[in-house]
Every structure is written in structure tokens, then in C-alpha cells.
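Engineer: If you scroll down you'll find the structure; I have some questions about it.
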Amino acid sequence: MKNKILKLLKNNKEEFLSGEKISEEFGVTRSAIWKYINTLKEEGYEIESVSRKGYRIISEPDILTYEEVENDLNTSFIGRNIYYFNTISSTNIKAKEIALKELEGTVVIAEDQTTGKGRLGRDWVSSKGRGIWMSIILKPEADPIKVAKITLIGAAAVNKALEDIGIKSQIKWPNDVVINGKKICGILTEMNCELNMINYVVMGIGINVNLQEEDFPKNLIDKATSLKIAEKREINRKKLLANILNRFEEFYIPFKNSDDISKAIEICRENSALINKEVSIIKGEEIKTGKALDINEEGKLVVMFENGIVENIFSGEVSV
Ligand code: BTN
């Protein structure tokens, strides 16, 4: 009911809506309406109430609820069901808890994560209200082996969504998006599968949107940045989130329907932070250096090592 009232107010921003009119529309009492309006105010909505005129919405809070992104969303299933939390341990953990019973495309999003997880067991800084911390639940009917390349769909979606709002970024195969060599987005893809069947994939995407320098621990200052720091302006999180979900669906549907991720790979290639650079590939204890040549049609990184041997790398930690 609260969201229905919110939608009505949002669709009638120019005029006052009387408590009587709203209560007739939804068949609830005026005092119930008053309570819902108060809850909305507590959530950060600025709502003017004038006696004998009614209610009018003045401004909306900077929160990433479905109601706040829906206007910019043009997907059919990605992000059509959003679990929104003010604070949570980790959106990936929550997404894995609910994945089996939820529809594909469900998104878990939080303003704050108390134990945000990065790759290789690292912590992920998730400053409250300043980033996009989300996990997308996917259920492709694909061979589990093919899942590694799904991450490239996430990276390409973030890169294109940023371009849509005028921000140029590079993709550091396979999990990161960087600006001027500093990380602004990391992706953690986790899978639950049987031998030849995927139960679900959870793709966790973390984007440093409006973080300030003091939000980063000292050891990350040289390695990570935020869009706000790089662009010297506050970024609209709602619009960016909707763009990412839109772009994600655009690149995911061909993969889901016909195992085609050519578009995402093309974007990763064209905006690569690695191609033609000297790179180190870190696999456990082993570090090998070489030159990144390409990202092939299977989404693997093609590297020529110092001994002249060319290899297609499937996964691993890369440093430039
Ligand atoms: C990495 O670069 O190491 C991956 C970082 C992934 C961070 C995101 S934030 C949303 C989701 N929830 C998590 O706990 N981690 C991912």
C-alpha cells in the first residue's frame, strides 16, 4: 500500500492529492494514509501536507529502491524484483540464501554492507549510501564451465552504463572496471551447480560511486577511486543503477538464448585496460609475466609470455 501511495504521488507531482481521494482510490482509511505518508517521510521523502488541499511530493531521497529506479528501467526481467536493504552483511550472501526460490533477474541491493566480500577472500569497502552494492541472481541453462565468461557481461554492462552518462572507463579483464588505472568497480561471481547443471549464479557488483577519499583505507588510495573523485562531480546513483541493469539484460539475453556473448566481449576488447600492456598473471604461488594480446571469442585473455609461448588464460588475477 505504501508503494502504491508513493507511485500515485510521484505520478501527480504538480498537484495536491487529498487524503479523501487517496483513500477512495485504494479503499483504506484517511488515518491509514496519514501513517503511510509518515513512513515515507521517515524514509526521506519530502512530502508537503496542506490542510484542505492534501499531499504533494517535493523531493525523493537518494536511495536505490525499486520505486526509485523503475522509471529509468527498461528491462523485462533483470531488476524487476529488487530486495532492498539499508544494511546487510553482504548482498552476495543474501542473494545465495534466496536464489533457489527466486526468479532469475532478482537483484539484492544494500546501502551498506557490514562484511562486503571481494575476490580471494578480501574485504570490500562499502560506504553507506555512496556506492552501488548489488547482486544479480541468474539461472542460465548453460554448462557450468561457461560461467566464467558471464563476468564479462557484468563488466561490459558497467562500462557501457558509465558511457551512457558520459564517463569513459576501461575494463581490466575479467572482473574490474578502472578509470586512469584505479579501480572503480569489482565483480564477484559465485555459482551453485551440479556436474552439468547450474542451479544459480550470483553476480555481485560493487561500484564506488560517490565515495570520498576518506572512505578508502590508506592502502587502497593508490589502487582504487570513485566516480565522484575521478569526475569531480556527484553522480546520480539511481540513473546509473538503472543503466547498468538495462545494459546487463541487453548483453545477457543473447548469452542465455544462444550462448552468444560476442557483444560483451567486443566491449571488453575495445575498452581493455590490458591489451598491448605488459601483464603479470598470478595463479596461487606462481607469477608469470608477458604481454596481453587480445581477448578471444571465448572471453579468454590471450597472453604472449616471455618465453614466446602464447596462452589463452581462462581465469586468474592480473596486474599491469
Ligand atoms: C573484487 O573486486 O574483489 C570483487 C568485489 C565485489 C564487491 C561486490 S559489492 C556487492 C557484492 N556483495 C559483496 O559482498 N561483494 C559484491
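Engineer: Among the residues of the range 125-141, is there at least one that is modelled with pLDDT under 95, of a type outside the set (S, T, N, Q) and more than 24 Å from ASN257 (Cα to Cα)?
Structural biologist: yes
Engineer: Can you confirm whether ARG56 is of a type in the set (D, E, K, R), at pLDDT 95 or above and farther than 29 Å from THR87 by Cβ? Explain how you work it out, then say what you get.
Structural biologist: On the way: of a type in the set (D, E, K, R): yes; at pLDDT 95 or above: yes; farther than 29 Å from THR87 by Cβ: yes.
In short, yes.
Engineer: Let me ask you something else. Condition first: crowded, with 23+ Cβ neighbours inside 10 Å and either modelled with pLDDT under 95 or more than 15 Å from the ligand (Cβ to nearest atom) (or both). Now tell me which residues in the range 174-209 satisfy that.
Structural biologist: Once the filter is applied, which keeps residues that are crowded, with 23+ Cβ neighbours inside 10 Å and either modelled with pLDDT under 95 or more than 15 Å from the ligand (Cβ to nearest atom) (or both), the range 174-209 yields only PRO174.
Engineer: Could you look through the range 124-152, keep only residues that are polar (S, T, N, Q) and within 11 Å of the ligand (Cβ to nearest atom), and pick out the one that is surrounded by the most Cβ atoms within 10 Å (Cβ to Cβ)?
Structural biologist: Applying the filter and picking the extreme gives SER135.
Engineer: Got a sec? Which helices (runs of 4 or more DSSP H) wholly within the range 1-117 have at least 2 residues that are among the acidic types (Asp, Glu) and out of contact with any strand residue (DSSP E or B) (no Cβ under 7 Å at 6 or more places or on another chain)?
Structural biologist: On the way: elements: 2-11, 19-26, 30-42, 66-69, 91-98.
Hits in the range 1-117: 19-26, 66-69.
Engineer: Next question. Residues to consider are LYS218, LYS223, LYS232; find the one that is surrounded by fewer than 16 Cβ atoms within 10 Å (Cβ to Cβ) and within 14 Å of the ligand (Cβ to nearest atom).
Structural biologist: LYS223
Engineer: Any residue in the range 246-258 that is surrounded by 15 or more Cβ atoms within 10 Å (Cβ to Cβ), at pLDDT 95 or above and closer than 19 Å to TRP124 by Cβ?
Structural biologist: No, there is no match, as no residue in the range 246-258 is surrounded by 15 or more Cβ atoms within 10 Å (Cβ to Cβ), at pLDDT 95 or above and closer than 19 Å to TRP124 by Cβ.
Engineer: To continue, here is another question. Look through the range 17-46, keep the residues that are among the hydroxyl-bearing types (Ser, Thr, Tyr) and within 34 Å of the chain's Cα centre (by Cα), and return whichever of them is surrounded by the fewest Cβ atoms within 10 Å (Cβ to Cβ).
Structural biologist: THR39
Engineer: While we're here: Which of the residues that make up the range 95-123 are surrounded by 14 or more Cβ atoms within 10 Å (Cβ to Cβ), of a type in the set (S, T, N, Q) and within 13 Å of the ligand (Cβ to nearest atom)?
Structural biologist: Of everything in the range 95-123, just one residue is surrounded by 14 or more Cβ atoms within 10 Å (Cβ to Cβ), of a type in the set (S, T, N, Q) and within 13 Å of the ligand (Cβ to nearest atom), namely GLN113.
Engineer: Test LEU245 against the criterion of being of a type outside the set (Ser, Thr, Tyr) and in a loop (DSSP other than H, G, I, E, B), and give yes or no.
Structural biologist: No; evaluated as a whole, the condition is false for this residue.
Engineer: Given the structure, is SER169 near the ligand (Cβ under 9 Å from one of its atoms), hydroxyl-bearing (Ser, Thr, Tyr) and buried (at least 17 other Cβ atoms within 10 Å of the Cβ)?
Structural biologist: No: the conditions fail for SER169.
Engineer: OK, next. Anything in the range 164-175 that is touching a residue at least 60 places away in the same chain (Cβ under 8 Å) and under 26 Å from ILE137 (Cβ atoms)? List them, or say none.
Structural biologist: Answer for the range 164-175, where residues must be touching a residue at least 60 places away in the same chain (Cβ under 8 Å) and under 26 Å from ILE137 (Cβ atoms): ASP164, ILE165, SER169, ILE171, LYS172, TRP173, PRO174.
Residue-wise test of (1) in the same structural domain as LEU240 (by TED's automatic domain parsing); (2) touching a helix residue (DSSP H, G or I) at 6+ places or on another chain (Cβ under 9 Å).
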residue: SER23; (1), (2): no, yes
residue: TYR36; (1), (2): no, yes
residue: THR39; (1), (2): no, yes
residue: GLU48; (1), (2): no, no
residue: SER51; (1), (2): no, no
residue: SER76; (1), (2): yes, yes
residue: ILE98; (1), (2): yes, no
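The values are calculated or read from the model by the stated rules, or taken from the named source; none is laboratory data. Quick caveat: nothing in here was measured; it's all calculated off a predicted structure. Glycine also receives a Cβ, built like all others from the backbone with ideal geometry; neighbour counts cover every protein chain displayed.
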